[in-house]
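A.B. asks: Let me give you the structure first, and then I'll get to my questions.
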Amino acid sequence: MFKRVLVPIAEDSDVEFVIRWSESVAEPFKTELLLLRVIDPKDLRDGEAETFLKRAASRVTYGRFNVRTIVTKGSIAEEIVRVAIEHDADLITMATKTRLGVKGSMVNSVTRRVLHANKVPVLVLNSDGLKKSEYHSPKFVIVPLDGSNNSESVVEFATDFAGECGAKLVFVRVTNPTFPGLSTLAGKPMQGSKSSLYIRDFAKEYLNRFVESARENGISASLRTPSGSTSACIAALAAENINTLVVIGTQGIGGLKRTVVGSVADKVVRSTSQPVLVIPVSSALVVGAGHK
């Protein structure tokens, strides 16, 4: 599934943190780790960058992964995207820090730019929220679904991934009793708890087909239908277990200049301290079916 994982490492990175979490996700697969260091075009210290990456490579668990180091010059986000495509990476691991501002937590600009310009899945690690000493192969994989083709495009990948890791799938549809068009049934208006119950039953029926399909493939699966803000509900579910991975699809933007998007994927990345695997819709089927 993941044959080649690109791991960008900045000079101020917590190298151990980035590498161990990359290993924890790639562990079930015969994976090659590409350690990348992007330096300023005017910086002549190529040798220092090579030495830095060799030290980082020495942190990789011996014998478990093949390791290559790459030093390149240019804009960090642009180079990450370019190298990922050039080397046919299946995954990019990005360690990011969040900061609280007027509008809530924000993910750093390099990570945002890579997420929105990139066609390769990105594993976002919140170095502020994850404990540095704990590295877990995922045991729970949360898959938020909203009924759209975009969200459902990651189901095949998430199912295969959970099967490889021995993880439990948790399919989630967040319900909102005030959602337009769902407050009536058979032409009759519903009030209060009746409306909420109908919406939740509808969500359970929708999710149940994914649960049954996973179970038919021998994978443990369940469903959840929390009510409230989508990103807040997903973050709360992810926080229930420390070894949880959220897998979510995104349409993406396709350009490095657009760095702020109000999508559910963006909000989930900003809301949870757990790892989030963001899969561009255009690559979801390829990742799910082409790298087993």
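A.B. asks: In the stretch 71-89, which residues are surrounded by 14 or more Cβ atoms within 10 Å (Cβ to Cβ) and in a helix (DSSP H, G or I)?
C.D. replies: The answer is I76, A77, E78, E79, I80, V81, R82, V83, A84.
A.B. asks: Filter the stretch 162-182 down to the residues that are modelled with pLDDT under 90 and assigned to a helix (DSSP H, G or I) and list them by number.
C.D. replies: Within the stretch 162-182, E164, C165 qualify.
A.B. asks: If you don't mind, another one. Could you list, in sequence order, the residues of the stretch 90-106 that are aliphatic (A, V, I, L, M) and either assigned to a strand (DSSP E or B) or modelled with pLDDT of 90 or more (or both)?
C.D. replies: L91, I92, M94, A95, L100, M106
A.B. asks: In the set S227, S222, which member is surrounded by fewer than 17 Cβ atoms within 10 Å (Cβ to Cβ) and modelled with pLDDT of 95 or more?
C.D. replies: Result of the check over S227, S222: S222.
A.B. asks: Another question about this same structure. Search the stretch 1-42 for residues being part of a loop (DSSP other than H, G, I, E, B) and of a type in the set (F, W, Y), and hand back the single one that is farthest from V246 (Cα to Cα).
C.D. replies: Taking the candidates together, the pick is F29.
The values are calculated or read from the model by the stated rules, or taken from the named source; none is laboratory data. Small disclaimer: the values here were computed from a predicted structure and weren't measured. Cβ atoms come from the backbone with ideal geometry, glycine included; neighbour counts cover every protein chain shown.
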